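Shown next, in structure tokens, is the structure this report addresses.
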Amino acid sequence: MSTLLADWMDRSPAMRRLSLVDLLAGVRDSRRVVRDPLVPSSRDAAVLIPVFGDADGLHVVLIERSHDIGSHRGDIAFPGGKCEPGERGSVAALREAEEETGIAAASVKIVAALSTRPILSGFVIWPYIGVLPSAPRLDHRSPEVARTLVVSVADLLADGHWWQQRWPDEQGSLLDFFTVPGGVAWGTTADLLLELLETCITGRAGHPTFG
């Protein structure tokens, strides 16, 4: 359970607002974890976590996967996909994000890499935080993307928008969920949102790291 986020949720809504400044302060002290693959012969994939700040705080860009084609149909996700042979993860993340959201790779500044996420489908996901200069004009043309959406971090931290529940597996895993406009983010996407929020909170609070 994220004690850090749970403690933050006890604050007033006005005190929960996080900014790009908080994020940039947090990434300087964050500890990235590189995890072992879950299955043999796993392949690398990369996702971009596009963020921008304005007078209302920090915002993050997500996509909803197509309900008809591709993998993870209908899921709320970050833009991303498989790394080409010999391709660096950050390059793959930028390339895929441009294809799926219309965000020009040249406009994005990669500021940090978050912890890797091995998944049972045979991939290790390498996530990268990319700062945008302003709110992007989203123009996806990928048939694998149903829509793009911009989510306010303040909304993610609003009462009732984050919760946890046990998954009906052998371990009874405790999973995180976030309500977003028109859907729910869970699984790897929710894990990355949680790490993003914890990084921002660490930056705001001046904590050296989070566990």
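The values are calculated or read from the model by the stated rules, or taken from the named source; none is laboratory data. No experiment lies behind these values; they were computed from the predicted model shown. Methodologically, a virtual Cβ is constructed for each residue, glycine included, from the backbone with ideal geometry; neighbour enumeration extends over all protein chains shown.
Just to check your reading of the model, which residue among THR179, THR189 is in contact (Cβ under 8 Å) with a residue 40 or more places away in the chain and hydroxyl-bearing (Ser, Thr, Tyr)?
Working: THR179 fails: in contact (Cβ under 8 Å) with a residue 40 or more places away in the chain.
The conditions single out THR189.
When ARG28, ARG32 are screened for being touching a residue at least 24 places away in the same chain (Cβ under 8 Å), on the phi < 0 side of the Ramachandran plot, out of contact with any Ser or Thr (no Cβ under 6 Å at 6 or more places or on another chain) and among the basic types (Lys, Arg), only ARG28 passes.
Being out of contact with any helix residue (DSSP H, G or I) (no Cβ under 9 Å at 6 or more places or on another chain) and farther than 19 Å from GLU96 by Cβ is a property that PRO40 has. Looking across the stretch 67-101 at every residue that is closer than 21 Å to ARG137 by Cβ and part of a loop (DSSP other than H, G, I, E, B), the one that is nearest to the chain's Cα centre (by Cα) is identified as PHE78. The one condition from (1) at pLDDT 90 or above; (2) of a type outside the set (A, V, I, L, M); (3) closer than 19 Å to ILE119 by Cα that GLU87 does not meet is (3). Each residue in the stretch 139-191 was checked for being part of a loop (DSSP other than H, G, I, E, B) and on the phi < 0 side of the Ramachandran plot, and 17 of them qualify. Among the residues of this structure, LEU23 does not count as one that is touching a Leu at 6+ places or on another chain (Cβ under 9 Å), in a loop (DSSP other than H, G, I, E, B), modelled with pLDDT of 85 or more and of a type in the set (A, V, I, L, M, F, W, C).
So which residues in the stretch 43-62 are crowded, with 20+ Cβ neighbours inside 10 Å and touching a Lys or Arg at 6+ places or on another chain (Cβ under 7 Å), if there are any at all? Let's see the steps before the verdict.
Within the stretch 43-62, the first condition is being crowded, with 20+ Cβ neighbours inside 10 Å, and the residues that meet it are 45-51, 53, 58-62.
Across the stretch 43-62, the qualifying residue is only ALA45.
In a residue-by-residue description of the stretch 32-42, the property of being outside any strand (DSSP E or B) and buried (at least 18 other Cβ atoms within 10 Å of the Cβ) applies to no position.
The numbered conditions (1) at pLDDT 80 or above; (2) surrounded by fewer than 16 Cβ atoms within 10 Å (Cβ to Cβ) are all true for GLY172 except (1). Do you know which of the residues in the stretch 102-138 that are basic (Lys, Arg) and in a strand (DSSP E or B) is surrounded by the most Cβ atoms within 10 Å (Cβ to Cβ)? The qualifying residue surrounded by the most Cβ atoms within 10 Å (Cβ to Cβ) is ARG117. ILE110 passes every criterion in (1) in contact (Cβ under 8 Å) with a residue 24 or more places away in the chain; (2) under 16 Å from THR199 (Cβ atoms) apart from (1).
Among all positions in the stretch 8-26, there is no residue which is in contact with a Pro (Cβ under 7 Å, 6 or more places away or on another chain) and buried (at least 18 other Cβ atoms within 10 Å of the Cβ).
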